[in-house]
Amino acid sequence: MGSSGAHTAAMLIALDEARQALAGGDVPVGAVVTDADGRVIGRGRNERELTNDPTAHAEIVAIREAAAALGDWHLVGCTLTVTLEPCVMCAGAILAARLPVVVFGAWDEKAGASGSLYDVLRDRRLNHRVEVFAGVEEAECSRMLLDFFEGKRGG
């Protein structure tokens, strides 16, 4: 399977994580970390409401799980796939983990740090840059988020 197919396959798993976040009352964002062979080594979903932890974004949860699985905080050769463009906090964690590739679905025009509002992941002033693939399964990722927030506003 080519990288495009691998990105889609990982995104489908991330979407499942997002659905689980939604079922738990959190903003429906899901993430997975895959190793160089495409195996899932970390899964995460937004758990801020569940845990009352402002850092419990899907990316952070997945990165922590992947680092524990590898026994190493260097996630070199791995890919993070997430349903929503990473925010500044998550972009910082991605850089700290040395993740070389990030794939995301929906753009976040209000808080995105991977190409929309900011482009932290590809900032040449930093010591690590990330290859970013945006818009993978974008329609489904966006729809889930839009439905969630429309429901919060009452329709």
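Think of a 1.4 Å ball rolled over the protein heavy atoms: the stretch 10-155 then has 49 Å² of accessible area per residue.
Of the residues Ile94, Ile13, Ile41, the one with the largest accessible area comes first in the ranking Ile13, Ile41, Ile94, computed with a 1.4 Å probe on protein heavy atoms. Maximal additional length on extending the Leu126-Lys110 stretch stands at 3.5 nm, based on 0.36 nm per residue less the C-alpha distance. Beta bridges assigned by DSSP with both partners in the chain are antiparallel in approximately 55 percent of cases.
In this rough spin-label picture, where each label sits 7 Å from Cα along the Cβ direction, the Leu12-Arg143 distance is 1.6 nm.
Among the listed options (i) 43, 34, 30; (ii) 51, 39, 28; (iii) 52, 35, 29, the one matching Cα extents along the principal axes in Å as calculated from these coordinates is (i). Scale the Cα Rg of the stretch 20-79 by the rule-of-thumb value 2.2 N^0.38 Å and send over the ratio, two decimals. Dividing the Cα Rg of the stretch 20-79 by 2.2 N^0.38 Å gives 1.14.
The accessible area of Arg45, taken with all protein chains in place and a 1.4 Å probe, comes to roughly 60 Å².
Summed over qualifying helices (DSSP H, 4 residues or more, each -39500 (n - 2.57)) and divided by its residue number, the chain shows a 222 nm mean residue ellipticity of -12500 deg cm²/dmol. Computed on the chain, with alpha-carbon pairs under 8 angstrom and 6+ residues apart, the relative contact order is 19 percent. Measuring r between the beta carbons of Asn52 and Asp72 and using R0 = 25 Å, the FRET efficiency lands at 0.30.
Atom-type composition of the exposed protein surface of the stretch 1-154 places 53 percent of the accessible area on carbon and sulfur (1.4 angstrom probe). If a spin label sat at a point 7 angstrom from the Cα of Phe133 along the line to its beta carbon, the backbone N atoms of the stretch 1-31 nearer than 12 Å would be those of 1-12.
The values are calculated or read from the model by the stated rules, or taken from the named source; none is laboratory data. Values in this document were obtained by computation on a predicted structure and should not be read as measured data. Reconstructed Cβ throughout: ideal geometry from the backbone, glycine too, with neighbour counts over all protein chains shown. Heads up: the accessible areas ignore ligands, DNA and RNA and are worked out on the full protein's heavy atoms, side chains in. Shrake-Rupley method; radii C 1.70, N 1.55, O 1.52, S 1.80 Å.
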